[in-house]
Amino acid sequence: MILHQSLIYSVLFGFLVYFLLGCKPKGKDEPQWKEESQRLAMSLCAHLLRCSQDSDWQTLPEKWSIFAKGKLEENSCQSEFRKSNIFELRVPDPEFAKTQFKGCLSKIFALDCVSIRQNDFSKIKECQVVEALQNGINI
């Protein structure tokens, strides 16, 4: 049971890492987008942090819980997201990337914590595109 939950936690944070980090080609400076995307990323971190406080997740080992909460707290979340391809628009088509990012997040926000624990977000097409863009894969 604990192994299964640890795996779920690992997948969740793997998603957060791929979602927030990526390669570093030259980006496009759009202050309005940076503000909007930062706000959206903070909302995502807050949503995931709320889920990590569910009673089902309280059975996870303390080291996972401390790690998760540290990564999802506001300062860490902001810092990680500022390094991402989506934030810096280091993507071939910035408008496409913005649309996919917003679509991915809106669908994640619609998921309840049980669905997130079941890794349902990995099936969302827009999130798959965002993952590829964050990893520097041209789509």
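Could you look through segment 101-139, keep only residues that are of a type in the set (Lys, Arg) and under 18 Å from CYS45 (Cβ atoms), and pick out the one that is surrounded by the most Cβ atoms within 10 Å (Cβ to Cβ)?
If we take residues in segment 101-139 being of a type in the set (Lys, Arg) and under 18 Å from CYS45 (Cβ atoms), then ARG117 is surrounded by the most Cβ atoms within 10 Å (Cβ to Cβ).
Just a yes or no: is a residue in segment 77-87 in a helix (DSSP H, G or I), in contact with a Pro (Cβ under 8 Å, 6 or more places away or on another chain) and at pLDDT below 95? Yes.
In segment 99-121, the residues that are under 13 Å from LEU48 (Cβ atoms) form Cβ pairs under 9 Å with partners that are of a type in the set (Lys, Arg) and buried (at least 16 other Cβ atoms within 10 Å of the Cβ), at six or more places apart or across chains, as follows: PHE121/LYS107.
The values are calculated or read from the model by the stated rules, or taken from the named source; none is laboratory data. Since the structure is predicted, the reported quantities are computational estimates derived from the model, not experimental observations. Cβ coordinates were reconstructed from backbone atoms using ideal geometry, including for glycine residues, and neighbour counts include every protein chain displayed.
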